[in-house]
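Here is the structure we will look at.
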Amino acid sequence: MLFKICRQDCYKGLYPSALRTLASVCCVEEGIYQLEKVDGILCLTDILTDEAQSEACRAEAAAVVAQITSPHLTFTQHLSSFIENMEELVTALLKLSQEASSAEVFLLASAALANITFLDTLSCEMLLQMDAIKILMTACLDKQRVNSSYARDQIVTILANMSILDQCASEIVLENGVRILIEMLFEKSSTGILADISACERVQQKSAVTLARLSRDPEFAQAAVKYNCKFMMHY
């Protein structure tokens, strides 16, 4: 019923609400199974790739993708339709994160991308080809889109998963990502709230993993040592 609403133009105003409900339904594997039966992933892809849709609607579709690709759920790995639509989904989600008008929209789009990178290394290769590193590094400097540890957690998750690719190191050096990754090692909570502290710890841990993986590349290792020396002098 929810996807019937999302497939009819006359109900466009209800799309965000229907998608929000879908995200809740898909927190269990039975919900994802039903989504697969009705070609729900194709519908989500159509919404995300349709630039005539409002940003709010595409953000809610991204939230559903983030939910069904959660690393805590194993069922998504067996969704054939997800693999078939992965390139279009990755392209649309990256575009949404790049053009996001708010931190909330960026968080939803980047969370979906981060989860997808856990599912298949092919998605990491796609992101590399799509200049995702440049887009993500630029986003880190934009306080309107990235203003929390939760958002930086998604970014560093994507980078950590992409870091298995040999070409990743040189791209990060080129986009001044070494500095950003080292700064993430010192991520601090400004609120003292337990959830925020946990998010900071995840950022610290994942940036350490990413730096370790990428340091197998001599150029990256040299840049990391050089920047870390400068950073510690001013810290």
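The values are calculated or read from the model by the stated rules, or taken from the named source; none is laboratory data. Keep in mind that what you see is a predicted model, and the values were worked out from it rather than measured. As a convention, Cβ positions derive from the backbone with ideal geometry for all residues, glycine included, and neighbour counts pool all protein chains shown.
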> What are the pairs, 6+ residues apart or on separate chains, where a residue within segment 21-49 that is over 17 Å from ALA92 (Cβ atoms) and at pLDDT below 90 has its Cβ under 9 Å from a residue that is surrounded by fewer than 20 Cβ atoms within 10 Å (Cβ to Cβ) and basic (Lys, Arg)?
Replying inline: VAL38/LYS4
>> Condition first: surrounded by fewer than 15 Cβ atoms within 10 Å (Cβ to Cβ), within 20 Å of ARG145 (Cα to Cα) and of a type outside the set (Gly, Ala, Ser). Can you find one or more residues in segment 29-51 that meet it?
In response: yes
> aliphatic (A, V, I, L, M) and within 17 Å of ALA112 (Cα to Cα) - does that describe any residue in segment 177-190?
Replying inline: no
> Which number in (1) surrounded by fewer than 12 Cβ atoms within 10 Å (Cβ to Cβ); (2) at pLDDT 90 or above; (3) under 17 Å from VAL146 (Cα atoms) marks the one condition that SER190 misses?
Replying inline: (2)
> Identify, please: which residue in segment 109-157 is among the aliphatic types (A, V, I, L, M) and in a loop (DSSP other than H, G, I, E, B) and is, among those, surrounded by the most Cβ atoms within 10 Å (Cβ to Cβ)?
Replying inline: VAL146
>> Pairs needed: first member in segment 126-138, touching a residue at least 12 places away in the same chain (Cβ under 8 Å); second member anywhere, outside any helix (DSSP H, G or I) and among the charged types (D, E, K, R); C-beta distance under 7 Å; at least 6 residues apart or different chains.
In response: ILE133/GLU175; LYS134/GLU175; MET137/GLU175
